[in-house]
Amino acid sequence: MSILAFGSRALGSTRGAGVGALVVLAGALAGCNSNSGSLFGSSAPTASATPTVAVTVTDLAGNWGLASYRNEADKPRTEAEAKVACGNPYQIGKGSNGGVVMHLADQTQPTEVFLKVASDGRVFLGPRGAPGSKQDRLILSYANNVLVTEWMDAGARERYGTMLFVRCSAPA
């Protein structure tokens, strides 16, 4: 029933914003399926009913209030706490290679991470490599400037809970 709020700094350059749009397109194509076959000629059903999350690198870059929860019933209260955390925002910068700069679990230095789409349409955020690796975060949802993620590593998920980011409003 605990809520954790976080604040950190991560900076990056402004190149590579278009890659995120390709990830969303790839995710949409990965989820395509019909009785007449998908775009890639397979009529096999997708592995999961998990919908593709539409998010881009441009969506992720910026200042965020960050908090976490362990029980779904705590999500509304956690969102309010994340808004308060905008007083010391977590900064997600654009990376120099088309990703965004964020911290991995238990790491003090930020790393460039990338949006990755699995064959079942789930979207992950993590270092280069196969989607769903141990260092990745699964993006559970992104809507109305609220991003919800959980770590793939069970130990990190136990320590940090479900991470909830709320976009901070721009300074006046």
Inset, instruction - For Asp120 paired with Lys134, estimate the spin-label separation in nm (one decimal), with each label point 7 Å from Cα along the Cα-to-Cβ line. - result: 2.1
Inset, instruction - Using the Karplus curve 6.51 cos²θ - 1.76 cosθ + 1.60 with θ = phi - 60°, work out ³J(HN,Hα) for each residue of segment 119-134 in order, rounded to whole Hz, and write x for Gly and Pro. - result: 4, 8, x, 5, 10, 10, 10, x, x, 3, x, 5, x, x, 6, 4
Legend entry - Global geometry of segment 51-95, whether rounded, prolate or oblate, following the gyration tensor of its Cα atoms and the 1.5 cut on a/c: oblate
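Throughout, read-outs are computed from the coordinates displayed, never taken from laboratory work. Not measured: the values here are computed from a predicted model. Cβ coordinates were reconstructed from backbone atoms using ideal geometry, including for glycine residues, and neighbour counts include every protein chain displayed.
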